[in-house]
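The values are calculated or read from the model by the stated rules, or taken from the named source; none is laboratory data. Bear in mind the structure is a predicted one, so any value in this text is a computation, not a measurement. Neighbour counts run over all protein chains shown; Cβ positions are idealised from the backbone, glycine included.
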């Protein structure tokens with residue numbers, strides 16, 4: 001026998017209002033099993049309606065939160081490296097597909113970045129080992145060997161490395177071999193003598209007394225860019241920095257002019273660097289003469305003479321560059337500016353009694 005939905009609802013309502021099962025069965029001529037079946041079906045129906053309403057409210061809330069999240073993410077304008085770092089932190093909890101989709105980063109880009117980072121890390125480890133081996137061979141040769149002879153010695157020790165790579169590592173390490181001069185080059189010897197005014201005395205009494213400078217290279221996609229910095233020896237503050245596609249005198253001139261303007265044209269200044277062509281170029285030396293700046297040079301093949309600048313680049317590479325892969329020079333410039341701001345304003349230095357460079361300069365000004 002078929003019972004209408006209205007009848008079933010009426011019977012269930014009477015049951016819920018207190019009518020006994022016996023009375024209901026007698027009144028509507030139904031069995032107890034049918035009555036209990038209707039009661040259970042009504043319970044399931046009520047629960048489903050309640051759950052559906054709850055789920056609908058939850059979905060609406062999640063949709064709103066998702067819109068807010070997407071707008072917030074867009075406002076942050078995360079770089080590819082930042083997105084990769086987010087994925088690295090969360091990929092143990094969520095699928096790579098989901099994370100890449102939410103961060104608007106293709107899966108192939110993420111995988112390629114991971115491969116590039118691994119290769120970069122391996123190259124950094126190899127470079128560190130080779131630098132140590134090269135320095136030992138270079139010292140044993142009494143600073144006579146160039147890249148080719150050092151390569152021959154490395155091959156003897158079982159290391160396969162190109163001459164070009166050795167040249168780069170020697171340049172990074174500040175290693176320059178001795179070069180013989182012609183017998184009649186008395187004038188040339190005198191002309192190329194460059195004084196070391198600093199002589200590893202890295203403690204000065206006030207700002208803008210001695211500036212030190214250096215250049216390093218950074219990989220940008222498939223090419224290389226060069227970074228030049230100038231550091232005030234008193235506070236270890238980076239007073240200017242610049243990025244260029246070529247490591248030439250234009251780079252050092254531009255960086256010096258920025259520093260000279262930023263520091264309000266200091267007088268009685270000494271400028272120290274290695275003897276790279278960017279610093280010994282006539283145009284750069286003439287610029288310093290025009291500004292009455294004394295120029296000082298590290299001794300050839302002795303990176304310790306410019307240890308403060310070397311130390312900064314070591315920190316920059318360890319704390320910033322090793323975590324990033326730059327596709328454009330603009331990305332590099334943004335990353336460099338971010339780190340230097342951190343370095344000058346937030347990073348404490350042991351030699352400054354755990355103060356930041358800016359704090360150290362402020363303390364000096366307050367004591368005057």
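Take residue 205 and tell me if it is more than 26 Å from residue 323 (Cβ to Cβ) and part of a helix (DSSP H, G or I).
no
Sort through 238, 243 and tell me the only one that's modelled with pLDDT of 95 or more and under 22 Å from residue 200 (Cβ atoms). Let's see the steps before the verdict.
Numbers: 243 fails: under 22 Å from residue 200 (Cβ atoms).
Answer to the selection: 238.
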Filtering the stretch 230-279 for residues that are on the phi > 0 side of the Ramachandran plot and either over 26 Å from the mean Cα position of the chain (by Cα) or surrounded by fewer than 19 Cβ atoms within 10 Å (Cβ to Cβ) (or both) leaves a count of 3
Mind checking which residues of the stretch 205-247 are out of contact with any strand residue (DSSP E or B) (no Cβ under 9 Å at 6 or more places or on another chain) and free of Cβ contacts under 8 Å to residues at least 40 places away in the same chain?
205, 222, 223
Kindly provide the set of residues from the stretch 112-132 that are within 13 Å of residue 325 (Cβ to Cβ) and free of Cβ contacts under 8 Å to residues at least 60 places away in the same chain, ordered by number.
112, 114, 115, 118, 119, 123
Residue pairs within 7 Å by beta carbon, gap of at least six or interchain, first lying in the stretch 26-45 and over 12 Å from residue 15 (Cβ atoms), second surrounded by 15 or more Cβ atoms within 10 Å (Cβ to Cβ), listed first then second, are 31/25
Only one of 186, 163, 216 is closer than 27 Å to residue 282 by Cβ and modelled with pLDDT of 85 or more, namely 216
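For (1) closer than 30 Å to residue 112 by Cβ; (2) modelled with pLDDT under 90, each residue gets a yes or a no:
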site	(1), (2)
274	no, no
280	no, no
293	no, no
313	yes, no
336	yes, no
348	no, yes
Looking at the stretch 300-324 only, could you name the residues that are in contact with a helix residue (DSSP H, G or I) (Cβ under 9 Å, 6 or more places away or on another chain), closer than 21 Å to residue 175 by Cα and not in a helix (DSSP H, G or I)?
301
How many residues are surrounded by 17 or more Cβ atoms within 10 Å (Cβ to Cβ) and touching a strand residue (DSSP E or B) at 6+ places or on another chain (Cβ under 8 Å) when one looks only at the stretch 334-348?
5
Residue list for the stretch 141-168, filter: assigned to a helix (DSSP H, G or I), surrounded by 15 or more Cβ atoms within 10 Å (Cβ to Cβ) and in contact with a helix residue (DSSP H, G or I) (Cβ under 7 Å, 6 or more places away or on another chain)
147, 150, 151, 153, 154, 166, 167
